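The values are calculated or read from the model by the stated rules, or taken from the named source; none is laboratory data. Since the structure is predicted, the reported quantities are computational estimates derived from the model, not experimental observations. Glycine also receives a Cβ, built like all others from the backbone with ideal geometry; neighbour counts cover every protein chain displayed. Surface accessibility is based on the protein's heavy atoms, side chains included, excluding ligands, DNA and RNA. Shrake-Rupley method; radii C 1.70, N 1.55, O 1.52, S 1.80 Å.
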Amino acid sequence: MLIKLTKRQEEILEIVKTAGPITGKDIAKKLSLTRATLRPDLTILTMSGSLEARPRVGYYLNEETEINLQVAKFTEQLVKDYKAHPIVIQKSTSVYDGIVQIFLEDVGTLYAVDENGYLVGVISRKDLLRAAIGNKNLNDLPISVIMTRMPNIVTTRSEETLLEAAKKLIQNRIDSLPVVREVDKGSSTYEVIGRITKTTITRAFLEMIER
Ligand code: ADP
């Protein structure tokens, strides 16, 4: 269970995580506090099961707490620190050239923009495959005909958490989210400044495990 900790309690857990097993006296020294000041926090952390204490050995983290700390940190990660470069094309581009771009850029999704560079559509691999099955001349067919359009595009923003982005991917059953910035407040026109994909989430997850 994740309990809400005070700042100092979080600091104590961090110290025990890196330096444990460690005595109460040494934790107090690291925080420049007295043992007595620290005692209530140590009691709470021990009673709640976050910390374990062994006489003459000191405090150490139990495995569940260690995992909870990592998960808590993971859920706070922001989109802006993980977003990848977006592959953007003009909405007048042909489906044929869209397919070429997907291969050249080695991505699964393209973002379409208008003359001003504002986001107007999303084109996935399957959108292109579908168009390729039913149409003979892919050079004459603009991607704007087959793309998923605004306002149906699910987006994310720099300040959103990776967790929120991951939920959007799963709930909408899509592979990628354009990271957008609204051009003017309330304008509902957006610039694409990045992308978050299932790969982004998987990479962040691996980083967390390996850390
Ligand atoms: P694919 O189906 O090619 O594996 P997706 O699952 O991402 O790729 O796309 C499924 C459908 O959802 C496609 O029609 C695509 O246009 C649309 N789509 C993809 N990403 C988004 C998004 N961020 N917002 C809205 N629709 C999207």
| remark: How many residues of the stretch 15-70 are in contact (Cβ under 8 Å) with a residue 60 or more places away in the chain and in contact with a Lys or Arg (Cβ under 8 Å, 6 or more places away or on another chain)? The answer is 1
| note | By residue number, the members of the stretch 132-148 that are assigned to a strand (DSSP E or B) and either within 12 Å of the ligand (Cβ to nearest atom) or among the aliphatic types (A, V, I, L, M) (or both) are Thr148
| task | Spot the failing condition for Leu163; the list is (1) more than 14 Å from the ligand (Cβ to nearest atom); (2) exposed (fewer than 11 other Cβ atoms within 10 Å of the Cβ); (3) outside any loop (DSSP other than H, G, I, E, B), and only one is missed. | result | (2)
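Quick one: would you say Lys168 is touching a strand residue (DSSP E or B) at 6+ places or on another chain (Cβ under 8 Å) and either charged (D, E, K, R) or away from the ligand (no atom under 14 Å from the Cβ) (or both)? Reasoning before the result, please.
Values: touching a strand residue (DSSP E or B) at 6+ places or on another chain (Cβ under 8 Å): yes; either charged (D, E, K, R) or away from the ligand (no atom under 14 Å from the Cβ) (or both): yes.
Here the answer is yes, as Lys168 does meet what is asked.
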| field | Hey, Ile22 open to solvent by less than 60 Å² (accessible area, probe 1.4 Å) and within 33 Å of the chain's Cα centre (by Cα) or not | value | no
| message | Filter the stretch 104-131 down to the residues that are open to solvent by 40 Å² or more (accessible area, probe 1.4 Å), more than 10 Å from the ligand (Cβ to nearest atom) and not aromatic (Phe, Trp, Tyr) and list them by number. | response | Leu104, Glu105, Asp106, Glu115, Asn116
| task | Give the residue that is nearest to the ligand (Cβ to nearest atom), with candidates limited to residues of the stretch 149-160 that are surrounded by 15 or more Cβ atoms within 10 Å (Cβ to Cβ) and among the hydroxyl-bearing types (Ser, Thr, Tyr). | result | Thr155
| message | Take the residues in the stretch 176-197 that are surrounded by 15 or more Cβ atoms within 10 Å (Cβ to Cβ) and charged (D, E, K, R); name whichever of them is nearest to the ligand (Cβ to nearest atom). | response | Arg195
| said: Let me confirm something: among Ile12, Ile89, which residue is in the same structural domain as Val120 (by TED's automatic domain parsing), aliphatic (A, V, I, L, M) and buried (at least 16 other Cβ atoms within 10 Å of the Cβ)? | reply: Ile89
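Can you give me the ranges of the helices (runs of 4 or more DSSP H) entirely in the stretch 20-82 with at least 2 residues that are over 27 Å from Glu210 (Cα atoms)? Please lay out each step first, then the result.
On the way: elements: 24-30, 35-47, 63-76.
Because the criterion is at least 2 residues that are over 27 Å from Glu210 (Cα atoms), the helices (runs of 4 or more DSSP H) in the stretch 20-82 that meet it are 24-30, 35-47.
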